[in-house]
Amino acid sequence: MENTEKQLGPKIDKPIPKRRLGKTGLDITIMGLGGEGVLRSYGREKEAVEVIAAAIDSGINYLESARAYGGSENYYGTALKGKRDKVYIASKSHARDKIGALLHLEETLKNMGTDYVDIWQVHDVRTEDDIKAIFGPGGAIEAFREAKEKGLARFIGVTGHEEPLIIKKCLDLFDFDTVLIPVNPAEQHYKCFLEEIVPIAGAKDIGVIGMKTYLKGLFDAPKKFLFSYALTQPITAAVIGCDNVEQLKENVEIAKNFFPLKYKEVQRIAEIISPYARELMYYKP
């Protein structure tokens, strides 16, 4: 046994695969660290910083936050000292007006201890009223455009949780670099972001990032199959929030050992989950 091990050599640790994030040209790991979990809290700096450090040490190079995510940005600011050049960081603003968004960005940069974010995202666009405010005179999109021109944000993204047609309109109204949408077996059975958004993103080379990959833990299915389902789709990465280092390591192993599903497997998982789709996606009847 000992001789066999010597012949085989030391075990080689797999890296997390990377994919190109659309026209940004960034190569990011197929798993990104989301701003949920322990990061969306206050007063838990030690635990949160440990999760961020473990993510970076594991090779994750895409880290996400939001102005609305508790102490998340501050946790990143502490954890990223001396490591800013190793990762791409993203945050979001839920402000709908230019002044509010610029104030958010000022806070974000201060909290995260950086002069710029790699991706700054218009957060959670849901309604026609949101669109009118964001893209109208004095709207938030003016702040995003200005931030990119000044180098405070390298790329601009948009995120949506509830209504794919609203996000579709956003992509028609502005030249976004990235889009963050739900990607899981439930969403295709109610309001399908993949069906509505991915073709447009593909045509415009917009990087697609998935969220809600694990259905917030509301459905009893192996994480590796839900992750594989998401990354079998034409997306770049899935952002996943973690409660602790152990959970982070579990997800990293799943990402390292990602395998694309066959078409029949994708359809089968979706069929099993379809009766619960509306409830799992939090859509109102």
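Here are some notes:
- Rg/Rh (Cα only; Kirkwood hydrodynamic radius) as it applies to the chain: 0.98
- Violating pairs (Cα-Cα greater than 25 angstrom) within the set LYS148/LYS204; LYS18/LYS191; LYS148/LYS224; LYS92/LYS132: LYS18/LYS191; LYS148/LYS224
- Charge tally around LEU180: other residues with Cβ under 9 Å, Lys/Arg +1 each, Asp/Glu -1 each, net 0.
- Between ARG126 and ALA53, the modelled label-to-label distance comes to 3.7 nm, taking each label 7 Å out from Cα in the direction of the beta carbon.
- Distance between the stretch 39-71 and the stretch 131-146 - C-alpha centres, whole angstrom: 29
- Among VAL266, ILE131, VAL51 - extreme Cα towards positive end, dipole of the chain, charges at beta-carbon: VAL266
- Ascending count of other beta-carbon atoms within 10 Å, so fewest first, for TYR76, TYR229: TYR229, TYR76
- Reachable aspartates and glutamates from LYS256, criterion Cα separation under 16 angstrom, eight or more residues apart if same chain: ASP13, ASP27, ASP57, GLU246
- Restricting attention to the chain, close to 15% of DSSP beta bridges with both partner residues there are antiparallel.
The numbers here are math on the coordinates, done by the rules we state, and not lab data. Just so we're clear, the structure is a prediction, and the values are computed from it rather than from any experiment. Please note: Cβ atoms are built from the backbone with ideal geometry, for glycine as well, and neighbour counts cover all protein chains shown.
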